[in-house]
1. Is there any pair with a first residue in the range 69-84 that is free of Cβ contacts under 8 Å to residues at least 60 places away in the same chain and a second that is assigned to a loop (DSSP other than H, G, I, E, B) whose Cβ atoms are under 7 Å apart and which are 6 or more apart or on different chains, and what are they?
2. I'd like to know if the range 190-213 contains one or more residues that are within 30 Å of residue 154 (Cα to Cα) and touching a helix residue (DSSP H, G or I) at 6+ places or on another chain (Cβ under 6 Å).
3. Is it the case, given these coordinates, that residue 46 is part of a strand (DSSP E or B), outside the structural domain of residue 175 (by TED's automatic domain parsing) and farther than 26 Å from residue 152 by Cα?
4. Among the residues of the range 38-56, what is the count of those that are out of contact with any strand residue (DSSP E or B) (no Cβ under 7 Å at 6 or more places or on another chain) and under 16 Å from residue 19 (Cα atoms)?
5. Taking the condition touching a helix residue (DSSP H, G or I) at 6+ places or on another chain (Cβ under 7 Å), modelled with pLDDT under 95 and either outside any strand (DSSP E or B) or over 19 Å from residue 99 (Cβ atoms) (or both), does residue 162 pass?
6. Look through 120, 52 and report the one residue that is within 20 Å of residue 8 (Cα to Cα), surrounded by 21 or more Cβ atoms within 10 Å (Cβ to Cβ) and at pLDDT 95 or above.
7. Which ones in the range 76-106 are crowded, with 18+ Cβ neighbours inside 10 Å and in a strand (DSSP E or B)?
8. In the list 229, 213, which residue meets the criterion of being exposed (fewer than 15 other Cβ atoms within 10 Å of the Cβ) and either assigned by TED's automatic domain parsing to the domain that holds residue 180 or under 12 Å from residue 105 (Cβ atoms) (or both)?
């Protein structure tokens, strides 16, 4: 049996702890899956009552026996992150980014997605030139949504699901009413890797490079696009192409 639980189990365990590590004062959203009742070494299983979502640090400590079964059950009943904003940093800091959004490719573009003049997904640079991720998720509901400033989490609202795997290269949030945002990084080591992931890409790129693929939907509107396709107000479908040194990528008025 694969030690990684099926998608429905992972989703249920994230929801149970409020999408952040349940240990006191933690709240880290980069979660892994600890099997404790029984331990994986005794029986391979994916039974949610005998599992808990923990950050990598506290998972390692749990594996070493830092928490007994009753303490872990208590964390499941009363997780620290429940009702609180998750706490953590998005650590994929890279210099050169290829934005893949709405069927287009953008190089050296600080604002990936902008709606009505409001940046939704963008980057700023630290003193070493590394790109820091900013997210200010859009919704027509009036309810709080995911906000990240210079790679630090500020809020996440009340999502149906919030996914941040331990590898740290993905953040994805979905909400009641259909709001969704997914930002995922892919390392492309050379030109062959670029062609493998994007067969239609015929233009030269500086490699190695990190692709940032963006998927976004705003419930109750026509805004619904992925990395390679776009469904926007007016029925716009964007073709494959590369734009360099543009301040804004996908702009929706």
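The values are calculated or read from the model by the stated rules, or taken from the named source; none is laboratory data. On a predicted model such as this, the values are computed, not experimentally measured, just so you know. As a convention, Cβ positions derive from the backbone with ideal geometry for all residues, glycine included, and neighbour counts pool all protein chains shown.
1. Pairs that qualify, where the first residue is free of Cβ contacts under 8 Å to residues at least 60 places away in the same chain and the partner is assigned to a loop (DSSP other than H, G, I, E, B), are 69/37; 75/22; 75/23.
2. Narrowing the range 190-213 to residues within 30 Å of residue 154 (Cα to Cα): 209-213.
After this cut, where a residue has to be touching a helix residue (DSSP H, G or I) at 6+ places or on another chain (Cβ under 6 Å) as well, the list is none.
Checking the range 190-213: not a single residue is within 30 Å of residue 154 (Cα to Cα) and touching a helix residue (DSSP H, G or I) at 6+ places or on another chain (Cβ under 6 Å).
3. On the way: part of a strand (DSSP E or B): no; outside the structural domain of residue 175 (by TED's automatic domain parsing): yes; farther than 26 Å from residue 152 by Cα: yes.
When the stated conditions are applied, residue 46 does not pass them.
4. Kept after step one, since they are out of contact with any strand residue (DSSP E or B) (no Cβ under 7 Å at 6 or more places or on another chain), are these residues of the range 38-56: 38-44, 46-49.
Going one step further and asking which of them are under 16 Å from residue 19 (Cα atoms), we end up with 48.
The total comes to 1.
5. Working: touching a helix residue (DSSP H, G or I) at 6+ places or on another chain (Cβ under 7 Å): yes; modelled with pLDDT under 95: no; either outside any strand (DSSP E or B) or over 19 Å from residue 99 (Cβ atoms) (or both): yes.
For residue 162, the condition - touching a helix residue (DSSP H, G or I) at 6+ places or on another chain (Cβ under 7 Å), modelled with pLDDT under 95 and either outside any strand (DSSP E or B) or over 19 Å from residue 99 (Cβ atoms) (or both) - is not met.
6. Numbers: 120 fails: within 20 Å of residue 8 (Cα to Cα).
Being within 20 Å of residue 8 (Cα to Cα), surrounded by 21 or more Cβ atoms within 10 Å (Cβ to Cβ) and at pLDDT 95 or above holds for just one of 120, 52, which is 52.
7. Correct list: 97, 98, 99, 100, 101, 104, 105, 106.
8. Details: 213 fails: exposed (fewer than 15 other Cβ atoms within 10 Å of the Cβ).
From the options 229, 213, the qualifying one is 229.
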